[in-house]
Amino acid sequence: MYKIAIDGPGGAGKSTVAKAVAAALKITYVDTGALYRTIGLYVKQKKVDPSDAQAVTALLPEIHIELLYRDGTQHILLNGEDVGDSIRTQEISMYASKVSAYPAVRDFLLSTQRDIAKTQSVIMDGRDIGTVIFPDAEVKIFMTATAENRAERRYKELIDRGVPADYEVILEEIKTRDRNDSTRATAPLKQADDAILLDNTGFKLEESVDAVLKIIAEKLPETAK
């Protein structure tokens, strides 16, 4: 069994690439960002200010998160209900960015993330997978792209799904989230010392996937067979 960690800022394509790589290698993909988004969704549902650490922490005992895998796809249940696409909005992204800064929230999810990797090979993406969750991961990649390129991707994704979007608003939200993620006191976004940097600005999806598979094959030759 082995662990692959992909870290990087929001909108770099980590989740999409990780899913494709997991399918190619026939291993389990864990979308950690979705876990934080799920907590963010619950905070919003309860009409709690995500900037209020004490209020957010007080909600944690009410939250039960389950991960289910169907046909290789991760489904998240929040207190028994599949959250589906409701956690994929820009608003929930901002909620997730705020609540993920709280040590209590990160501790709440830490065991969930580590337990999955005890029985199977996994690829996991997020902000601190290679630095905090799996510092012993066999492969660590830090995937990034310019803020403008990431905003273009997010804008196109939303438009393609029929969701109204404003590029300038998305760009500012991405820059704000970058600042929040990189300056937070607990597990800030940073490249692990032994992670390989992959700047995929201007890459098509298949190019990013191929680049990641090449890195993995160099670190774990058995995966290339």
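The values are calculated or read from the model by the stated rules, or taken from the named source; none is laboratory data. As the structure is a prediction and not an experimental result, all values here were calculated from the model. Methodologically, a virtual Cβ is constructed for each residue, glycine included, from the backbone with ideal geometry; neighbour enumeration extends over all protein chains shown. These accessible areas exclude ligands, DNA and RNA; they are computed on the full protein's heavy atoms, side chains included. Shrake-Rupley method; radii C 1.70, N 1.55, O 1.52, S 1.80 Å.
Structure summary
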| item | result |
| --- | --- |
| Residues of region 17-36 that turn out to be open to solvent by 20 Å² or more (accessible area, probe 1.4 Å) and over 10 Å from the mean Cα position of the chain (by Cα), as a count | 8 |
| Residue ID - farthest from I174 (Cα to Cα), chosen from residues in region 65-99 that are among the polar types (S, T, N, Q) and at pLDDT 85 or above | N79 |
| Which numbered condition L59 misses (of (1) modelled with pLDDT of 95 or more; (2) open to solvent by 20 Å² or more (accessible area, probe 1.4 Å); (3) on the phi < 0 side of the Ramachandran plot; (4) not β-branched (V, I, T)) | (2) |
| Residues within region 24-52 that are more than 26 Å from K14 (Cβ to Cβ) and of a type in the set (A, V, I, L, M), tallied | 1 |
| Scan of region 120-139 for residues that are touching a Ser or Thr at 6+ places or on another chain (Cβ under 6 Å), of a type outside the set (A, V, I, L, M, F, W, C) and closer than 16 Å to A20 by Cα, ordered by number | D125, G126 |
| Odd one out for H75, checked against (1) touching an Asp or Glu at 6+ places or on another chain (Cβ under 9 Å); (2) open to solvent by less than 40 Å² (accessible area, probe 1.4 Å); (3) free of Cβ contacts under 8 Å to residues at least 12 places away in the same chain | (2) |
| Checklist (1) free of Cβ contacts under 8 Å to residues at least 24 places away in the same chain; (2) under 17 Å from the mean Cα position of the chain (by Cα); (3) surrounded by fewer than 12 Cβ atoms within 10 Å (Cβ to Cβ) applied to L110, failing item | (3) |
| Residue satisfying condition, being free of Cβ contacts under 8 Å to residues at least 24 places away in the same chain and open to solvent by less than 60 Å² (accessible area, probe 1.4 Å), within set A211, A117 | A211 |
| Test: I39 is modelled with pLDDT of 95 or more, open to solvent by less than 30 Å² (accessible area, probe 1.4 Å) and over 15 Å from K98 (Cα atoms) | no |
| The listed residue being under 19 Å from the mean Cα position of the chain (by Cα) and either without any contact (Cβ under 8 Å) to a residue 24 or more places away in the chain or over 24 Å from S86 (Cα atoms) (or both), out of R177, R184, R150 | R184 |
| Counted residues, region 181-225 - those being hydroxyl-bearing (S, T, Y) and within 28 Å of D107 (Cα to Cα) | 3 |
| Helices (runs of 4 or more DSSP H) completely within region 123-225 that count 1 or more residues being at pLDDT below 95 and under 25 Å from Y2 (Cβ atoms) | 205-219 |
| Residue list for region 152-198, restricted to those being acidic (D, E), more than 25 Å from S208 (Cα to Cα) and open to solvent by less than 60 Å² (accessible area, probe 1.4 Å) | none |
| Residue in region 70-92 that is of a type in the set (S, T, Y) and under 16 Å from K44 (Cα atoms) present | yes |
